[in-house]
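The values are calculated or read from the model by the stated rules, or taken from the named source; none is laboratory data. Note that this is a predicted model, so its numbers are computed, not measured. We place every Cβ from the backbone using ideal geometry, glycine too, and count neighbours over all the protein chains shown. Quick note on the areas: whole protein, heavy atoms, side chains included, nothing else; ligands and nucleic acids left out. Shrake-Rupley method; radii C 1.70, N 1.55, O 1.52, S 1.80 Å.
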Amino acid sequence: MTLGDVNTQLYRVSSTGSVTRLTGTGAAPTPQDFRDDPSKYELPPVQHVGFGVDGNLYLVLPQGVLVARGYR
């Protein structure tokens with residue numbers, strides 16, 4: 001799944017249809033700002049999203065792979 005070259009917002013949708021925003025609404029001024037508080041900013045452009053059998057969510061970004069551990 002290629003999502004493009006724009007910042008990305010991430011949501012969690014439960015089996016009951018409840019939607020929770022996992023990211024913020026603004027672009028991080030610096031990469032360190034994003035690392036310090038990722039829930040406050042949009043993600044950099046996401047190139048691929050995958051859910052591992054280990055229960056982790058994997059997000060492929062231009063800068064590397066972001067792992068959301070224990071995502072279940």
Among the residues of the range 58-72, which ones are open to solvent by 70 Å² or more (accessible area, probe 1.4 Å) and hydrophobic (A, V, I, L, M, F, W, C)? 65
Could you please tell me which pairs satisfy a Cβ distance under 7 Å, a separation of 6+ or placement on different chains, a first residue in the range 47-72 that is within 18 Å of residue 13 (Cα to Cα), and a second residue that is among the basic types (Lys, Arg) and open to solvent by 90 Å² or more (accessible area, probe 1.4 Å)? 55/72; 56/69
Please verify whether residue 55 is in a loop (DSSP other than H, G, I, E, B) and either acidic (Asp, Glu) or open to solvent by less than 30 Å² (accessible area, probe 1.4 Å) (or both), treating the condition exactly as stated. yes
Pick from the range 15-50, criterion at pLDDT 85 or above and part of a helix (DSSP H, G or I), ranking: nearest to the chain's Cα centre (by Cα): 40
Under 8 Å by Cβ, and 6 or more places apart or on different chains, what pairs join a residue from the range 12-24 that is surrounded by fewer than 12 Cβ atoms within 10 Å (Cβ to Cβ) with one that is in a loop (DSSP other than H, G, I, E, B) and of a type in the set (A, V, I, L, M)? 21/10
Restricting the range 1-14 to residues that are in contact with a Leu (Cβ under 9 Å, 6 or more places away or on another chain) and of a type in the set (S, T, N, Q), the one modelled with the lowest pLDDT turns out to be 7
